[in-house]
Amino acid sequence: MGKPLDATNVRRAFRQALKDADGINADEWTPRELRHSFVSLLPDRGVPPEEISRLVGRSGTAVTDEIYRKQIRPVIQTAAVVMDGIFGTVQQRQ
């Protein structure tokens, strides 16, 4: 409609998009969780910190490193396995 996005409307649309997803309680998720997951998983795939910062609109890597890259590998691995189960692996999609 040509107007700036309102945070409440973005959350509402996001939850609406999730409502039919199996095994996901849409009320427990916000777009912020996706951003955090996105930034936390990229380093394990070899994406440089500078590129990650650019992708999320940061001018430098200090904040990105400090906030998002506090990874605990077993937790990340467990989450990646769960995400593969939800979305499938590259081999499963081909």
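Of note:
- Residue that is over 18 Å from Gly85 (Cβ atoms), in contact with a helix residue (DSSP H, G or I) (Cβ under 7 Å, 6 or more places away or on another chain) and loosely packed, with under 10 Cβ neighbours inside 10 Å, where the choices are Asp27, Asp6: Asp27
- Every listed requirement among (1) out of contact with any helix residue (DSSP H, G or I) (no Cβ under 7 Å at 6 or more places or on another chain); (2) within 16 Å of Phe38 (Cβ to Cβ); (3) surrounded by 11 or more Cβ atoms within 10 Å (Cβ to Cβ); (4) modelled with pLDDT of 75 or more is met by Val63 save one, (4).
- In segment 7-34, the residues that are of a type in the set (Val, Ile, Thr) and assigned to a helix (DSSP H, G or I): Thr8, Val10
The values are calculated or read from the model by the stated rules, or taken from the named source; none is laboratory data. No experiment lies behind these values; they were computed from the predicted model shown. Here the Cβ is made from the backbone with ideal geometry for all residues, glycine too, and neighbour counts use every protein chain on show.
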